Amino acid sequence: MKYFIAANWKMNKTLAETREFLRSFVPAVQKVTDVDVVLAPPFTALEAAAEGLKGSNIQLAAQDIFWEEKGAYTGEISSVMLLDAGCKHVIIGHSERRQYFSEEDVIVNRKVKAAKKAGLGVIFCVGESLEEREAGKTFDVIKREVELGLAEVDPGNLVVAYEPIWAIGTGRTATSEQAQEVHAYIRKILGNLYGNKAEDVRILYGGSVTPDNVDSLMACRDVNGALVGGASLKPESFAKIVCFKKEN
Ligand code: PEP
């Protein structure tokens with residue numbers, strides 16, 4: 001299965017910073033053919049990024065979407081607008097959206113459906129908090145988020161990202177064993193939903209991925225890529241992650 005590695009820039013980078021990043025990142029990964037490389041800049045930088053990525057092997061993603069196509073929804077951005085800006089994918093259900101913007105599973109599900117209907121690829125995020133992990137609720141949380149978030153959603157053009165909240169931006173990465181354990185569980189739930197097609201859904205790990213830990217995480221059987229925050233902001237470090245060392 002082809003790996004999928006995406007940069008989530010969150011609320012970082014101006015237009016000038018976006019262009020500067022691309023000037024060195026695009027040539028650094030131009031020979032990469034065995035990884036789908038994806039960049040998710042903030043909305044304001046999408047157009048500049050699309051321009052800088054023309055003719056490259058890098059795909060553009062947005063960090064969020066609203067489920068209606070147009071209308072009186074102040075501040076929101078629709079699938080039509082994302083496609084128009086050159087996006088191929090959209091991140092949905094990131095823990096920061098769930099935590100700071102009260103996005104519950106039913107909202108996440110609406111967004112996933114709208115994105116898929118429009119033909120956008122979906123990077124669907126799930127993950128437990130530290131409190132939930134310590135209370136032994138990791139699998140319950142993951143099951144609920146996957147089943148509700150993906151209700152009535154087919155597996156085509158769908159990527160799932162497992163992002164334990166305690167590992168996001170903390171420098172505390174899940175061990176390969178912890179990641180594999182949850183990834184295998186996600187695969188099992190996807191199997192209940194999709195049968196054999198679950199084998200083709202790429203499951204990304206996210207949470208303090210760096211050039212130093214990417215090789216061992218990507219070597220896990222059910223880890224098919226990464227969603228990278230902090231370490232994707234510098235072109236050198238994100239290029240190193242994309243060019244991780246594959247096991248034979
Ligand atoms: C993220 O929030 O998607 C993420 C993985 O962040 P970081 O790599 O900084 O932990």
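The values are calculated or read from the model by the stated rules, or taken from the named source; none is laboratory data. Treat the numbers as computed from the prediction; the structure is a model and nothing was measured. Counting neighbours? That spans all protein chains shown, and the Cβs are built from the backbone with ideal geometry, glycine included. In case anyone asks, the SASA skips ligands and DNA or RNA and just uses the protein heavy atoms, side chains included. Shrake-Rupley method; radii C 1.70, N 1.55, O 1.52, S 1.80 Å.
Results, tabulated for the structure shown:
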{"item": "Rg(Cα) / (2.2 N^0.38 Å) computed for the stretch 139-238, rounded to two decimals", "result": "1.08"}
{"item": "The stretch 2-41, accessible surface, carbon-and-sulfur percent (1.4 angstrom probe)", "result": "54 percent"}
{"item": "Gaussian network model of the chain, Cα within-10 Å springs - most flexible of 13, 31, 111", "result": "31"}
{"item": "Translational diffusion coefficient (Stokes-Einstein; Kirkwood radius from C-alpha pairs) of the stretch 31-88 at 10 °C, 1.306 mPa s, in µm²/s", "result": "130 µm²/s"}
{"item": "Candidates 144, 110, 202: whichever shows maximal mean-square fluctuation once the chain is modelled as a Gaussian network with Cα springs under 10 Å", "result": "144"}
{"item": "Surface share of carbon and sulfur [accessible, 1.4 angstrom probe, percent] for the stretch 109-248", "result": "48 percent"}
{"item": "The stretch 208-248 - convex hull of the alpha-carbon atoms, volume per residue in Å³", "result": "61 Å³"}
{"item": "Where 81, 11 fall by accessible area, highest first, once all protein chains stay in place (1.4 Å)", "result": "11, 81"}
{"item": "Within the stretch 204-242, backbone nitrogen closer than 12 Å to the virtual label 7 Å beyond the Cα of residue 170 toward Cβ", "result": "207-208"}
{"item": "Value of [θ]222 nm, deg cm²/dmol, for the chain, DSSP H segments ≥ 4, -39500 (n - 2.57) each, nearest 500", "result": "-11000 deg cm²/dmol"}
{"item": "Average silhouette area of the stretch 69-111, convex hull of alpha-carbon atoms, in square nanometres", "result": "3.5 nm²"}
{"item": "Solvent-accessible area per residue, Å², over the chain with all protein chains present [probe radius 1.4 Å]", "result": "48 Å²"}
{"item": "With eigenvalues of the C-alpha gyration tensor scaled by 5 and rooted, the chain, Å", "result": "25, 23, 17"}
{"item": "Separation between Cα centres of the stretch 162-181 and the stretch 36-61, rounded to whole Å", "result": "26 Å"}
{"item": "Solvent-accessible surface (1.4 angstrom probe) belonging to residue 74, in square angstrom, nearest 10", "result": "140 Å²"}
{"item": "For the stretch 38-185, alpha-carbon Rg and Dmax in angstrom", "result": "15.9, 48"}
{"item": "Projected area, mean over directions - the stretch 1-122, Cα convex hull, nm²", "result": "8.0 nm²"}
